[in-house]
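No value in this document is a laboratory result; all are computed from the given coordinates. The model shown is predicted, which means the values in this text are computed figures rather than measured ones. For neighbour counting, all protein chains shown are included, and Cβ atoms are generated from backbone atoms with ideal geometry for every residue, glycine included.
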Amino acid sequence: MQELFTEGKTLILACDQGFEHGPEDFNLQNIDTQYIFDLAIEGKYNAVALQAGLAKHYYKGDNRRVPLIVKLNGKTKFDNDDPVSYQHTSVEYAVQLGASAVGYTIYLGSSHEQVMFKEFAKICEEAHKYGILAVCWMYPRGPAIKDDLDTDVLAYAARIASELGADIVKLKFNGDVSAMKWVVKCAGKTKVVFAGGSKVSPSKFLGVVEQMHESGACGLAVGRNVWQSDQPLKITAAIREVFGLKHNL
Ligand code: FBP
């Protein structure tokens, strides 16, 4: 079985977009969660991140070769002005499903941020009691946020995730390597992974991946730029190379 970290690095294949954005992100091939697991196994990903309902149906047999991150909350694309995303699945159930980690999204800057802070802090406590990790998708969004990619905002997001108890924080990347180095520092001992974003050309994406690596990230939690690609294993090999991981895929 693959481990959640390889030489301190982690590459997570995210597939919670069906919930967050809707099926429009998918096609006839990648809408099949088995396709995502096949990619994760062949691409030697350190984890697949998805909702419990998908894990229940697919996290069995050979698919267990890749560690599982179960998302405990989720919201739709219809709710972005002042977003809130409540916990709808327990840590205990994630553990029963075989999870190595649980994931939770916080919308820093929403008028509901306190609810999400409280839920996530409790999730960290429970996850650590079970001996699994807690991953925070920390997305500044809502009435208090003018620019979600502002360095001070991202640094604040990183810091709060760390102070709440996250083992890994997932952040968006603003393209300024020296600024993002500061953001990574603000996360302290919490490891930083960057989100992939909507699909761009492979060369553009890999240029950003190089900058992400240079910023001190321990990896990526990427979805669309991999599973929407015609050559997902080729792009995976290139990402692995940037992070200094073996890539004889
Ligand atoms: P992508 O690499 O496809 O962008 O996935 C990263 C991710 O964080 C997903 O885990 C999540 O569903 C989505 O982006 C959230 O996107 P948005 O910023 O539109 O809410």
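Quick look at the values:
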quantity: DSSP beta bridge pairing in region 27-164, given as percent antiparallel to the nearest 5; calculated: 5
quantity: Gained length - L233 relative to S90, 0.36 nm times residue gap less alpha-carbon distance; calculated: 48.2 nm
quantity: Spacing of the two label points (7 Å from each Cα toward its C-beta) at D81 and M1, in nm; calculated: 4.5
quantity: All aspartates and glutamates inside 19 Å of K75 as judged from Cα atoms, apart from same-chain residues fewer than 8 positions distant; calculated: D16, E20, E24, D25, E113, E119, D148
quantity: Residues H21 and E210, FRET efficiency given R0 of 30 Å [Cβ-Cβ distance, rounded to 0.05]; calculated: 0.70
quantity: In sequence order, calculated HN-Hα J values of region 97-111 (Karplus, 6.51, -1.76, 1.60; Hz; x Gly/Pro); calculated: 6, x, 5, 8, 7, 10, x, 8, 9, 10, 9, 5, x, 6, 5
quantity: Per-residue [θ]222 nm for the chain (sum of -39500 (n - 2.57) over DSSP H runs n ≥ 4, rounded to 500); calculated: -11500 deg cm²/dmol
quantity: For peptides 28-36, 126-134, sequence by mean Cβ density within 10 Å, most packed first; calculated: 126-134, 28-36
quantity: Pairs beyond 30 Å (Cα-Cα), from K56/K189; K44/K146; K189/K234; K60/K185; K56/K199; calculated: K56/K189; K44/K146; K189/K234; K60/K185
quantity: The chain - Debye-derived log10 I(q)/I(0), Cα point model, q = 0.09, 0.12, 0.13, 0.17 Å⁻¹; calculated: -0.34, -0.63, -0.75, -1.39
quantity: Using a Förster distance of 25 Å, the FRET efficiency for Y130-D38 (Cβ separation, nearest 0.05); calculated: 0.35
quantity: Fraction of antiparallel bridges per DSSP, region 2-248 only, in percent to nearest 5; calculated: 5
quantity: Separation of the D62 and K189 label points, Cα + 7 Å toward Cβ, nm; calculated: 3.9
quantity: Under-5 Å amide H pairs with K71, H placed in peptide plane, nonlocal only; calculated: L50, Q51, A52, G103
quantity: Karplus-derived 3J(HN,Hα), 6.51/-1.76/1.60, for each residue of region 55-60, Hz, glycine and proline x; calculated: 4, 4, 7, 10, 8, 8
quantity: Sequence-distant residues sharing a close amide H with G196 (under 5 Å, placed H); calculated: A221, G223
quantity: Sequence-distant aspartates and glutamates (8 or more away, or on other chains) whose Cα lies within less than 15 Å of K129; calculated: E92, D167
quantity: Residues of region 149-173 with amide N under 14 Å of the 7 Å Cα→Cβ point at A179; calculated: 149-157, 172-173
